[in-house]
Amino acid sequence: MLLQRLALCSRIPLDSRRHVCWLLTRPLSQVPQGRANSSSFAHRGELRQAKRIVVKLGSAVVTRGDECGLALGRLASIVEQVAMLQNQGREMMIVTSGAVAFGKQRLRHEILLSQSVRQALHSGHNQLKDMSLPLLEARACAAAGQSGLMALYEAMFTQYSTCTAQVLVTNLDFHDDQKRQNLNSTLQELLRMNIVPIINTNDAVVPPPEPNSDLQGVISIKDNDSLAARLAVEMKADLLIALSDVEGLYNSPPGTDDAKLIDIFYPGDQQSITYGTKSRVGLGGMEAKVKAALWALQGGTSVVIANGTHPKVTGHVITDIVEGKKVGTFFSEIKPAGPTVEQQTEMARSTGRTLASLQPDQRSEIICHLAELLTERKEEILAANKMDMDLAVSAGHLPPPMLKRLSLSSAKLNSLAIGLRQIAVAAQDSVGRVLRRTRVAQNLELEQITVPIGVLLVIFEARPDCLPQVSALAIASGNALLLKGGKEAANTNRILHQLTQEALSMHGVKEAVQLVSTREEVEDLCRLDKMIDLIIPRGSSQLVRNIQRAAKGIPVLGHSEGICHVYVDADASVDKVIKIVRDSKCDYPAACNAMETLLIHREILRTPLFDQIIDMLRTERVKIHAGPRFASFLTFSPSEASSLRTEYGDLECCLEVVDSMQEAVDHIHKYGSSHTDVIITENEDKAEQFLQQLDSACVFWNTSSRFADGYRFGLGAEVGISTARIHARGPVGLEGLLTTKWVLRGDGHTAADFSEHGTMQYLHENLPVGQPLAGQRDSN
């Protein structure tokens, strides 16, 4: 076998042989192992294990919009993805359309050329008549196009040092046992030799398909959908990817008002589908694709139907599917016990509207009841939390700061309950508060009032205390809530969510807060731009950055880094410096509001104050990284900071020297993250300049950076700290989860009433801002 593989290398250009020979001879442990049994994959995430993959390219994918010739750009990107997966050690097969279109283009060109020559011979070059093309027979076009199509595939795959082979089949090749065995043997040998088979029906000789010609338990080859399904089952493929010109399977024809893309399709859901017309080209429509997909699924092959024509996704659609991303429609035999995340979001939005319409005291009652449950049922909560802690400790993959966040205690639950009661009080005048009232004209009043944002998605890591805090804020602001917690806190999150829904049930809005417990990837949740209005990540800077990249159509509230500075001015008090620096760095080093860079005025160097600062940091076991200027003052300096823009998240910090308050401001603007920055000084003028000039979400004078916290600000709790320039900034509490809408109350007014010939005039009088009772109108 090894000699055969090496012989294959000799047919590849010399400059690529070394790379390809390595691919062919590498050990199998480096490649996907496929399914452990003959059943299909149950979840998208398992598609990463797919080793043998069939990619079906529909006619709409391969051909141009004029149906004459191939879409070369799309084809090239698909070839690149297939070659990449092949070079990863997977076994790739392509079932392709396109021979008829390629042949049609070629025959049209030949006919036009032939007609023009004949007319030129008989009539002269200047007397050419209008030439009409005859109707081209499909089988003739296929015969003329097969060789050209294969030559094109071969040329494209050669660019990636990948060999291909053409295989033409008909229905008889599957129904005749001997031919089927021969076909299977041929394909197995090609795959063993690391060659990509390019398979197509032999349209030059194939008869027209007969309706209802399927044999008992066997799908008949009527089109490339049925061919791909039959081939995938015959070759025991792990995955069949069917690319077409639609995003996937819809519950009704795409383009209709109520059409919704189906993420996961189960065999029992067939009755809920209304099919539309078939594609502009090709023999099969979506009904044929679904039939073929279900047949393949029954045979043990997983199936995904997706769009291969969209210019923004074609370049990575195949690799995205294999990576388990939510692309197209995934066919699965195993239906989960609970609702899908889309169904959860719809339930949350629907019930959230009811939540927003409750009276303020009703929302407060829900939050107070949740606070009571946290203390009454704390034994259940702590037992679940102990299970999570034991699993995390035994796994050994969580660092100490994350273990601390994961852990709950009676004191922590009591503190949570106090914070929730503060939120309950604030909920009394949150939703529906009038911010502005204007009398536009007589009997025409305009109000700007606070309203919920809609559906919030909060993604948090190993911090279960976040769940009741965020839930209470969402309830107080009338927002629906979708929660995605870290798997490390799965048991604790489950009991806390049950208590939250128990509290919501007292006013019939149980489904307004949903916990996503399916195997949903964060990136997939970030794509629900038509269902989610705001994403709030709670976790590491890496988590926030990943979500900001993934959420293309949904606003993200948060900060990617917490590079907080403390500047010690020349006029600082010794006692205040030691207290504030110790608290800012050592109270909770993993927090986003912990000090990461300590800026020291140059005059403090080599003074008793400087020695006390260093001694205190050493006593607290803080590792110091010297900034470039600080290092230049020392003969033997600590390790130099690799970057002045580092969030250590541990007992480490950078120490740098500046010449003035202004230089400190400039340094923070250059290297900070606009989170929280502090000045320690007794000079009031300098302090005011620092507070005014520094462009950060939180700027403090003679206080610890750890005060940048919603609870310490009296917000009751926070959903996070935002460094954004719009909407909410700093610790985001209840106010940050509200937006506004304009309400205009009139009495038959029209725009024409205020025109040149109208009878009314604008008044634009500002009225006292208050929150009138329901239905109350100003008597004036």
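The values are calculated or read from the model by the stated rules, or taken from the named source; none is laboratory data. Note that this is a predicted model, so its numbers are computed, not measured. Please note: Cβ atoms are built from the backbone with ideal geometry, for glycine as well, and neighbour counts cover all protein chains shown. Side chains are part of the model used for accessible areas, which takes the heavy atoms of the whole protein and leaves out ligands, DNA and RNA. Shrake-Rupley method; radii C 1.70, N 1.55, O 1.52, S 1.80 Å.
Listed by chain and number, the lysines whose alpha-carbon sits under 26 Å from that of Lys56, ignoring those within fewer than 8 places in the same chain, are Lys104, Lys179, Lys222, Lys236, Lys260, Lys278, Lys289, Lys291, Lys312, Lys325, Lys326, Lys335.
For Ile554, no residue whose modelled amide H falls within less than 5 Å of its own remains once neighbours fewer than 5 places apart on the same chain are excluded.
The residues of region 490-552 present an accessible area of 43 Å² per residue when probed at 1.4 Å with all protein chains retained. Between the listed residues Leu543, Pro464, Gln159, the Cα displaced farthest toward the positive end of the dipole of the chain, a dipole computed from Cβ unit charges relative to the Cα centre, is found at Gln159. Estimated at the nearest 10 Å², the accessible area of Lys335 is 120 Å² with a 1.4 Å probe.
Were the residues from Ser642 through Val313 laid out at 0.36 nm apart, the gain over their Cα-Cα distance would be 114.6 nm. When only alpha carbons are used to place a centre, region 392-439 and region 565-610 end up 29 Å from one another.
With a Förster radius of 45 Å applied to the C-beta separation of Lys510 and Arg545, the computed FRET efficiency comes to 0.85. Between Gln270 and Ser394, the simple label model (points 7 Å from Cα in the Cβ direction) yields a spacing of 4.5 nm.
If R0 equals 51 Å, the separation of the Cβ atoms of Glu603 and Thr158 corresponds to a calculated FRET efficiency of about 0.15.
Spin-label model, His764/Glu189: points 7 Å from Cα along the beta carbon direction are separated by 8.6 nm.
Here the label points at Asp429 and Ser409, each 7 Å from Cα along the C-beta direction, are separated by 3.7 nm in the simple model.
Using all pairs of distinct alpha-carbon atoms, the Kirkwood hydrodynamic radius of region 301-345 works out to 12.1 angstrom. Can you give me the angle between helix 684-693 and the longest principal axis of the chain, using Cα atoms only, in degrees from 0 to 90, rounded to the nearest 10? The two axes meet at around 20 degrees. Among DSSP beta bridges whose residues both lie in the chain, state the antiparallel percentage, nearest 5. Roughly 30 percent of the beta bridges in the chain run antiparallel, per DSSP. Scalar couplings 3J(HN,Hα) for region 722-731, obtained by applying the Karplus form with A = 6.51, B = -1.76, C = 1.60 to θ = phi - 60°, are 9, 10, 5, 9, 10, 6, 9, 9, x, x Hz; x denotes Gly and Pro.
Amide H to amide H, with H built 1.01 Å from N, Ser722 comes under 5 Å of Gly730, Val732, counting only residues 5 or more places away or on other chains. Accessible area per residue for region 294-416, computed on protein heavy atoms with a 1.4 Å probe, is 44 Å².
Secondary structure note: in region 438-544, about 20% of the DSSP beta bridges are antiparallel. Counting protein heavy atoms only, the chain has 51 percent of its accessible area on carbon and sulfur, 1.4 angstrom probe.
Looking at region 643-780, the accessible area is 53 square angstrom per residue; that uses a 1.4 Å probe and ignores ligands, DNA and RNA. Shape call for region 464-600 from the C-alpha gyration tensor, a ≥ b ≥ c root eigenvalues: rounded (a/c under 1.5), prolate (a/b greater than b/c) or oblate? Prolate. Determine the shape class of region 475-540: with a ≥ b ≥ c the square roots of the Cα gyration tensor eigenvalues, call it rounded for a/c under 1.5, and otherwise prolate if a/b is greater than b/c, oblate otherwise. Oblate is the answer for region 475-540, as a/c is 1.5 or above yet b/c matches or exceeds a/b. Which value, in Å² rounded to 10, gives the accessible area of Leu691 with a 1.4 Å probe and all protein chains present? Per-residue accessible area (Leu691): approximately 50 Å². With Rh defined as the Kirkwood radius, the inverse of the mean 1/r over Cα pairs, the Rg/Rh of region 447-488 is 1.09. State which stretch of the chain is the longest one without any exposed chymotrypsin sites (Phe, Trp or Tyr not before Pro), exposure meaning a DSSP loop state and at most 14 other Cβ atoms within 10 Å. Between exposed loop sites, the widest span is 1-632.
Shown here is the pair-distance distribution of region 559-677: with all Cα-Cα distances grouped in 10 Å bins from zero up to the longest one, the shares run 15, 51, 33, 2 percent. Answer with a single label: of (1) 1.22; (2) 2.26; (3) 1.09, which was calculated as Cα Rg over 2.2 N^0.38 Å from the structure in view? Calculated Cα Rg over 2.2 N^0.38 Å: the matching label is (1).
Listed by chain and number, the lysines whose C-alpha is less than 24 Å from the C-alpha of Lys386, apart from same-chain residues fewer than 8 away, are Lys378, Lys404, Lys412, Lys484, Lys487.
Other residues with beta-carbon under 10 Å from the beta-carbon of Arg90 carry, at +1 per Lys or Arg and -1 per Asp or Glu, a net charge of 0. Residue-wise HN-Hα couplings along region 477-488, as the Karplus relation 6.51 cos²θ - 1.76 cosθ + 1.60 with θ = phi - 60° gives them from phi, are 8, x, 8, 6, 9, 10, 10, 10, x, x, 5, 4 Hz; Gly and Pro carry x.
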